[in-house]
Amino acid sequence: MNLNGKKIAAFSILESIVAMVIVMLAFGITTLLIVKVNQSNFNRKAELILFLQQSAQTSALTKQFIDKEEYYKEYRIESKFQLLEENTKLVHIVLEAINEQEETIVKWEEISRLN
């Protein structure tokens, strides 16, 4: 092959192709790992949202509106209830999942009727 009158050795092209394949494999493996980590975090948050929603519904059905702390797996769940107005009989329910570093991971808010 001629490029401005110079010949390029065939092994140089082969080395370039092998190097590109190695780089593409490294990018592919890295992308796969990043996707798996993000999917794991999404699944964990979705599980926490379902747990908080279920807890809020249980409190609304049993009419037990008492501020409390409980634990679900490695998360502390804080439940807070506040009466919005006396004559409307509406309760503002706030549930938060907090990790060991005191960061709020998921927060669920709902308004329920006291009837």
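Restricting region 43-115 to GluC sites (Glu not before Pro) that sit in a DSSP loop and have at most 15 other Cβ atoms within 10 Å of their own Cβ leaves GLU74, GLU85, GLU86, GLU100, GLU102, GLU103.
Count the lysine pairs in the chain whose Cα atoms lie under 30 Å apart, taking only pairs 8 or more positions apart in sequence or on different chains. Final tally of qualifying lysine pairs is 19. Normalised size of region 10-113, defined as Cα radius of gyration per 2.2 N^0.38 Å with N residues, equals 1.86.
Axis of helix 10-62 versus longest Cα principal axis of the chain: the two differ by about 0°, to the nearest ten degrees. Full extension of the chain segment joining GLU78 with GLN54 gains 7.3 nm, where the gain is 0.36 nm per residue of separation less the Cα-Cα distance. Secondary-structure-derived ellipticity at 222 nm for the chain, considering helices only, amounts to -17500 deg cm²/dmol, per-run term -39500 (n - 2.57) for DSSP H runs with n ≥ 4.
Listed from fewest to most Cβ neighbours within 10 Å, the set VAL91, VAL37 follows the order VAL37, VAL91. On the basis of the beta-carbon distance and an R0 of 25 Å, LYS45 and ASP67 show a calculated FRET efficiency of 0.60.
Readers should treat all values here as calculations from the given coordinates under stated rules, not as data from a laboratory. Quick caveat, the model's predicted, so the values are computed rather than measured. Because the Cβ atoms are built from the backbone with ideal geometry, glycine has one as well, and the counts that use them run over all protein chains shown.
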